[in-house]
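As structure tokens, the structure follows; a few thoughts come after it.
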Amino acid sequence: MPPADLSTPDKARAHARAQAGTNVRAMPTIPASAAKDLPAGVAPADVVWDETMAAGEYGARVLRRGTRLRITNVAADGCASLIALNADRPIERLNVADTIKVQWNAYLGAGKLLLSDMGRVLLSITAERAGRMDSICGASTEASNARRYGSGETHGRHPNARDRFMIALAKYGLGRRDIPPNVNFFKAVTVGEDGGLRFGEAPGAAGDFVELRAEMNVLVAMANTPHVLDPRPRYTCSDVRVTAWRGPVTPPDDPIRTASPESVRAFENVEDYFLS
Amino acid sequence: MSFAIAEPPANAPTVPGAVVYDFVIPARAPWAHVVKQGQTLRIVDLEGNQAVDCILYDANDPAERYSAAETIVAQQNIFLTTGTRLMSTEGNVLMTITGDTCGRHDTSGGACSCESNTLRYGHHTKHQHACVENFLDALGRRGLGKRDMTGNINWFMNVPIDGEGALGIVDGISAPGKYVDLRAETDTLVVISNCPQVNNPCNAFNPTPVRVTIFE
């Protein structure tokens, strides 16, 4: 149906204003405190971010130290690609190689840390239900999406994660050089003895989630795009929801902090950083 | 700094091509050089089991750089050897491994740093020399910097991942004289840290020189 007569600024304004109140599945909750279906024990007044991204969409946020972030696999087939940087000094960023090397394991999950390149903890992984982290395969690119789906540009039908990161970071004054290697949630990849990759095709369950805790002031950027090893010929990705809420700074006796000598020193380095 | 030798030394490398550059990187030192499209860089593990950390950049647009994830996904395998295409962040091929007498190389374990050393071994290691120091040194001399740091290759380093995901730097499988040949598919800035790490087996607890030869 063609729009009504929009021949004057007043009519154009009325037309624009008439659109308010539209609700779609994938949008931010503004104000965040109006978010529904919160995790148990979370008070609405403590919610600082609540947003759902559909396939190809992205979000970014600064999370203050102590903030908890739940990433939910709303309809069982999302793939959340995530990067993290020190919000106060973004030249410090997530270092996936240090993360797996220092913790002696390539498979991350609840109880593990996401480390920066400066020997500090950006985020702890505090809880999960089938979080299925992949630390190996990285983000989709324009080239990888063009190969599988026929195109990969941001303005097209198959946006890629790497360019989403670039645009997200651009809004914080950062650029291509600032995109670090990322982790992926909700699609697992394992390595065989010969070094070969195995993509876990078994579907998850609606409501699967991973929960992270900011141990510094962290800038996170997240893109919801199909995993680079996903063999399906159609661009397939279901909604991912992020909900973040305020919380206290991690105390010295926290079990994730004290889990290993390496984790203790990582948290000590964080405290040392906050002295200045 | 790196120096091209004017006269071939008495022990000139035997490579399948005309030598345009030949240098022995001292133990613990950084090195960087542009390898032009079509040229091949040979890195020789002179004394055996010396980890050579390495990052590649498109010489004409260094914001496009080596991507471990792209490289692993392109071949569906975490180990680098003959035939591996060393991929960029934008999905282009920077270099191809055309020869490998060692067997396999790592791109998962990252580079040692003063900062990560304090996590791995203790704060007493803070002032030991480390690969990230070398990378920042080499990058700084070329108008690049910490923003250009990213996940790297470790030539001659052995990092298996077992069935449970357990990962670690273990005794190397290299030996004196083993080498890799890397053919540049585009003008590539190759930055190397001849790893100075002495707290794990990556250099057999003894950092040693390596040789770099460019031929065409």
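The values are calculated or read from the model by the stated rules, or taken from the named source; none is laboratory data. What you see is a predicted model, and the numbers here were worked out from it, not measured in a lab. Cβ atoms come from the backbone with ideal geometry, glycine included; neighbour counts cover every protein chain shown.
Entry remark, the stretch A:1-39: residues being surrounded by 13 or more Cβ atoms within 10 Å (Cβ to Cβ), β-branched (Val, Ile, Thr) and either over 23 Å from A:ALA60 (Cβ atoms) or modelled with pLDDT under 95 (or both) number 0 in total.
Each residue in the stretch A:176-209 was checked for being part of a loop (DSSP other than H, G, I, E, B), among the acidic types (Asp, Glu) and either buried (at least 16 other Cβ atoms within 10 Å of the Cβ) or within 13 Å of another protein chain (Cβ to nearest Cβ) (or both), and 2 of them qualify. Would you confirm whether or not the stretch A:157-175 contains a residue that is surrounded by 21 or more Cβ atoms within 10 Å (Cβ to Cβ), small (Gly, Ala, Ser) and touching an Asp or Glu at 6+ places or on another chain (Cβ under 7 Å)? The answer is no, given that none of the residues of the stretch A:157-175 is surrounded by 21 or more Cβ atoms within 10 Å (Cβ to Cβ), small (Gly, Ala, Ser) and touching an Asp or Glu at 6+ places or on another chain (Cβ under 7 Å).
Go through the stretch A:105-124 and report how many residues are part of a strand (DSSP E or B) and facing chain B (nearest Cβ under 10 Å).
Of the residues in that region, 5 qualify.
Entry remark, the stretch B:70-85: residues being at the interface with chain A (Cβ under 8 Å from one of its Cβ atoms), surrounded by 24 or more Cβ atoms within 10 Å (Cβ to Cβ) and in contact (Cβ under 8 Å) with a residue 24 or more places away in the chain number 2 in total. Against the test of being among the acidic types (Asp, Glu), within 13 Å of the chain's Cα centre (by Cα) and over 17 Å from B:CYS112 (Cα atoms), the options B:ASP162, B:ASP181 yield a single qualifying residue, B:ASP181. Looking across the stretch B:90-112, the residues that are crowded, with 24+ Cβ neighbours inside 10 Å and either facing another protein chain (nearest Cβ under 10 Å) or of a type in the set (S, T, N, Q) (or both) come down to B:ASP106, B:THR107, B:SER108, B:GLY109, B:GLY110, B:ALA111, B:CYS112. Taking (1) assigned to a loop (DSSP other than H, G, I, E, B); (2) touching a residue at least 12 places away in the same chain (Cβ under 8 Å); (3) among the small types (Gly, Ala, Ser); (4) out of contact with any Ser or Thr (no Cβ under 7 Å at 6 or more places or on another chain) in turn, A:SER144 satisfies each apart from (1). Taking each residue of the stretch A:173-187 that is without any contact (Cβ under 8 Å) to a residue 60 or more places away in the chain and looking for partners that are not hydrophobic (A, V, I, L, M, F, W, C) with beta-carbon atoms closer than 6 Å, six or more apart or interchain, yields A:ARG177/B:ARG147; A:ARG177/B:ASP148.
Condition check: touching a helix residue (DSSP H, G or I) at 6+ places or on another chain (Cβ under 8 Å), surrounded by 17 or more Cβ atoms within 10 Å (Cβ to Cβ) and among the β-branched types (Val, Ile, Thr). Does A:ILE71 satisfy that? Here the answer is no, as A:ILE71 does not meet what is asked.
When A:ALA127, A:ALA139, A:ALA221 are checked against the criterion of being away from every other protein chain (no Cβ under 14 Å), under 21 Å from B:SER88 (Cβ atoms) and not in a helix (DSSP H, G or I), A:ALA221 stands alone in meeting it.
Looking for whichever is under 30 Å from A:ALA266 (Cβ atoms), small (Gly, Ala, Ser), buried (at least 22 other Cβ atoms within 10 Å of the Cβ) and touching a helix residue (DSSP H, G or I) at 6+ places or on another chain (Cβ under 8 Å) here; the options are A:ALA97, A:ALA84. Which one fits?
Working: A:ALA84 fails: touching a helix residue (DSSP H, G or I) at 6+ places or on another chain (Cβ under 8 Å).
So the residue among A:ALA97, A:ALA84 that is under 30 Å from A:ALA266 (Cβ atoms), small (Gly, Ala, Ser), buried (at least 22 other Cβ atoms within 10 Å of the Cβ) and touching a helix residue (DSSP H, G or I) at 6+ places or on another chain (Cβ under 8 Å) is A:ALA97.
Just one of the numbered conditions (1) more than 14 Å from chain A (Cβ to nearest Cβ); (2) buried (at least 24 other Cβ atoms within 10 Å of the Cβ); (3) farther than 25 Å from A:ILE83 by Cα; (4) among the aliphatic types (A, V, I, L, M) is not true of B:LEU56: (3).
Let's see how each residue does on (1) touching a Cys at 6+ places or on another chain (Cβ under 7 Å); (2) away from chain A (no Cβ under 14 Å); (3) surrounded by fewer than 22 Cβ atoms within 10 Å (Cβ to Cβ); (4) hydrophobic (A, V, I, L, M, F, W, C):
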{"residue": "B:GLY151", "(1), (2), (3), (4)": "no, no, no, no"}
{"residue": "B:ASN158", "(1), (2), (3), (4)": "no, no, no, no"}
{"residue": "B:GLY165", "(1), (2), (3), (4)": "no, no, yes, no"}
{"residue": "B:VAL170", "(1), (2), (3), (4)": "no, no, yes, yes"}
{"residue": "B:LYS178", "(1), (2), (3), (4)": "yes, yes, yes, no"}
{"residue": "B:ASP187", "(1), (2), (3), (4)": "no, yes, yes, no"}
{"residue": "B:VAL190", "(1), (2), (3), (4)": "yes, yes, no, yes"}
